[in-house]
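J.: Attaching a single structure in structure tokens format; questions to follow.
Derivation of every value follows stated rules applied to the coordinates shown; laboratory data play no part. No experiment lies behind these values; they were computed from the predicted model shown. As a convention, Cβ positions derive from the backbone with ideal geometry for all residues, glycine included, and neighbour counts pool all protein chains shown.
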Amino acid sequence: MITIKSPREIEVMARAGRIVAETLALMGRIVRPGMSTEDLDDAAETFIRSHDGATPSFKGLYGFPKTLCTSIDTEIVHGIPSSRRLLSEGSIVSVDVGVHLEGLHADSATTLAVGTIAAEAERLLEVTRQCLAAGIAEARVGNHVGDIGHAVQQVAEGAGYGVVRELVGHGIGARFHEEPQVPNYGSPRRGPRLLEGMTLAIEPMITIGDPATRTLGDKWTVVTADGSLSAHFEHTVAITANGPRILTAA
Ligand code: MG
Ligand code: MG
């Protein structure tokens, strides 16, 4: 069932989303070579819990142990922060975070450069950002879920990149993962129709090489099967009468 949120619920999600955005901005300020992904996680959890009533959405979700997902280079999503995973100069790290506030969630991700990165990594980040923007632009009353995926796919494949198929965006609200699924591929005018009050997490996962995935032995970390670089950007977006409203904007 696709849930429609009231204006009041959307305002609560926007407040959760602001905490999410500020958490990711903090990650961008502190990330540096030599720090561990657990250092990022500790800072994110402390920051989120410093807001009255706010808690990390991921901690305990399906048994996930941490506040962030931190996915380095060839890791696509769901990397588990660890004191043993140190960030290297020239790496990229995708940071995904959710916040639960007054019964509702918000969800966003960004991919950060660690120090100076190669031109091909810069281009991947730029194109994945463009994919997210193109998907969000289609999140309008009367469009369909397939319009979002189609727009993302056009930008990614137009740049020669791969679109991950096994992982998709999602509705979000009182539950972290709600219907509908929001694939990053698809056909225009296909899938559920978008209605005012729907809230969606739109989240392109884009690869330089082939988009096939495999899951590591920790049962969480999803990587590119061919070892190519991957990036992930995400916003939680409300469908409004005035067009898409990004609830996790900085
Ligand atoms: Mg996320
Ligand atoms: Mg999500």
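J.: Taking the Cα centroid of the stretch 23-55 and of the stretch 75-98, what is the distance between the two, rounded to the nearest whole Å?
T.: 12 Å
J.: Compute the relative contact order of the chain as a whole-number percentage, counting only Cα pairs closer than 8 Å that sit 6 or more residues apart in sequence.
T.: Numbers: 663 pairs, mean separation 58.9, N = 250.
Over the chain, the number comes to 24 percent.
J.: With charges only on Cβ, +1 for K and R and -1 for D and E, what is the dipole size of the chain about its Cα centre, in debye, rounded to 20?
T.: 440 debye
J.: Can you give me the relative contact order of the stretch 1-126 as a percent, contacts being Cα pairs under 8 Å and 6 or more apart?
T.: Answer for the stretch 1-126 is 29 percent.
J.: Further question on the same structure: For K5, list the lysines whose Cα falls under 29 Å from its own Cα; do not include residues on the same chain fewer than 8 positions away.
T.: Correct list for K5: K59, K66.
J.: Still on this structure: Taking only the C-alpha atoms, wrap a convex hull around the stretch 127-201 and report its volume per residue in Å³ as a whole number.
T.: Hull volume normalised by residue count: 78 Å³.
J.: If you don't mind, there's one more thing I want to ask. How much length, in nm to one decimal, is gained on full extension between Q181 and R32, taken as 0.36 nm per residue of separation minus their Cα-Cα distance?
T.: 50.2 nm
J.: Taking the C-alpha atoms of the stretch 1-105, how large are the radius of gyration and the largest Cα-Cα span, Dmax, in Å?
T.: Final numbers for Rg and Dmax: 14.6, 45 Å.
J.: Continuing with the same structure: Can you compute log10 of I(q)/I(0) for the chain with the Debye formula, treating each Cα as one identical point scatterer, at q = 0.18 Å⁻¹?
T.: Scattering profile of the chain, log10 relative to I(0): -1.43.
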